[in-house]
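> Here it is, the structure in full.
Every number here is computed from the coordinates shown, using simple stated rules; none is lab data. What you are looking at is a predicted structure, and each value in this text was computed from that prediction instead of being measured. Ideal geometry is used to build each Cβ from the backbone, glycine not excepted, and the neighbour counts take in all protein chains shown.
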């Protein structure tokens, strides 16, 4: 089977992709600092220790190595990506860059979103940096034949991450009977994809000749309103009737600027995706983890790890303001 190197490999998305690749018989290696204990590597995975922020460290870890596929989950700006591409040119059969579906034009011009949907995000620098990375890779492919493939995840989660803003802070508020913030009117549509479902389609891209020079988004097929997402988490947390309070995305962004770019540049917009292109490379996709199941996984993981039940006091106070709770 082909050899594959993951830059990353223990993150929210990449860990499931490593597991899927191992299950399919790929020879898998990962390069990272080896510090993540949440998502241990499967048996048989080669671990290469390097600091991806240190050019010399990465060069030393990869000296003399060649790979059929490299999957880059850790480049967020063109300079990092160019460093990796320069280092691996001539030593890789396919370079899979993990971009983001938030790169698609906002506001969304039409649904469903296809790979031909324009890329433009005036709200979020993270998305613009990923677009710049895509532009760099596309130019390298067109001008020099560098074997690039672009993959755009949307909102992909696993048991260690709540999709609601604030993570455990909002879940704690649910269990305390306090108001829970939902942006807009709660009826915009959102696509959530469990990491294991993402990994199924992602594996179809790896080493596939038809993927070279192409871009694919990868999501599940379940579209939920934000009210439905919050309610599913509340049900999993044992709360029958959560108190959902709706606040405009603009007001939330003004009060919570650290969350504002991601909200205005992504979550405030309805997103539905046409996954025809990637499904052609690995047919047979069935969404194995609908969100009502994923929500139970999230709550179970928090309850099994009380040290992760961290309430952000500053955010909690801001949520009180936004939801109209009067100070005592």
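> Give the relative contact order (percent, whole number) for segment 1-135; include only Cα pairs under 8 Å separated by 6+ residues.
Dividing the mean separation by the residue count of segment 1-135 yields 21 percent.
> Helix 125-144: angle to the longest alpha-carbon principal axis of the chain, degrees 0 to 90, nearest 10?
It works out to around 20 degrees.
> Give the separation of the Cα centroids, segment 70-94 to segment 223-292, in Å.
With segment 70-94 and segment 223-292 each reduced to a Cα centre, they are spaced 31 Å.
> Let me ask something else about it. Note down the nm distance, to one decimal, between modelled labels 7 Å out along Cα→Cβ at residue 314 and at residue 132.
2.6
> Next question, about the same structure. Ranked highest first by average number of other Cβ atoms within 10 Å, how do 160-167, 191-198 line up?
191-198, 160-167
> Can I ask one more? Provide the percentage of antiparallel DSSP beta bridges, counting only those with both residues in segment 154-296; round to the nearest 5.
30
> Something else now. Can you tell me the order of 266-277, 108-119 when each peptide is scored by its average per-residue count of other Cβ atoms within 10 angstrom, highest first?
Result, highest mean first: 266-277, 108-119.
> If you don't mind, another one. Can you tell me the 0 to 90 degree angle between the C-alpha axis of helix 291-304 and the longest principal axis of the chain, rounded to 10?
80
> Could you work out how much longer the chain between residue 296 and residue 49 gets when fully extended? Use 0.36 nm per residue separation minus the Cα distance between them, nm to one decimal. Please list the in-between numbers first.
Details: separation 247, 0.36 × 247 = 88.92 nm, distance 3.40 nm.
My answer for the length gained is 85.5 nm.
> Hey, what angle do you get for helix 78-88 against the long axis of the chain, alpha-carbon based, 0 to 90 degrees rounded to 10?
On a 0 to 90 degree scale, this one is about 30.
> Based on other C-beta atoms within 10 Å, arrange 239, 30 from fewest to most.
239, 30
> Tell me the Kirkwood hydrodynamic radius of the chain in angstroms, computed as one over the mean inverse distance between distinct C-alpha pairs. Don't skip to the answer; put the middle values down first.
Numbers: mean 1/r = 0.0482 Å⁻¹.
About 20.8 Å for the chain.
> Sort the following peptides by mean Cβ neighbour count (other Cβ atoms within 10 Å, averaged over residues), highest first: 1-12, 43-54. Could the numbers behind the result be given before it?
On the way: 1-12: 21.8, 43-54: 13.6.
Packing order, densest peptide first, comes out as 1-12, 43-54.
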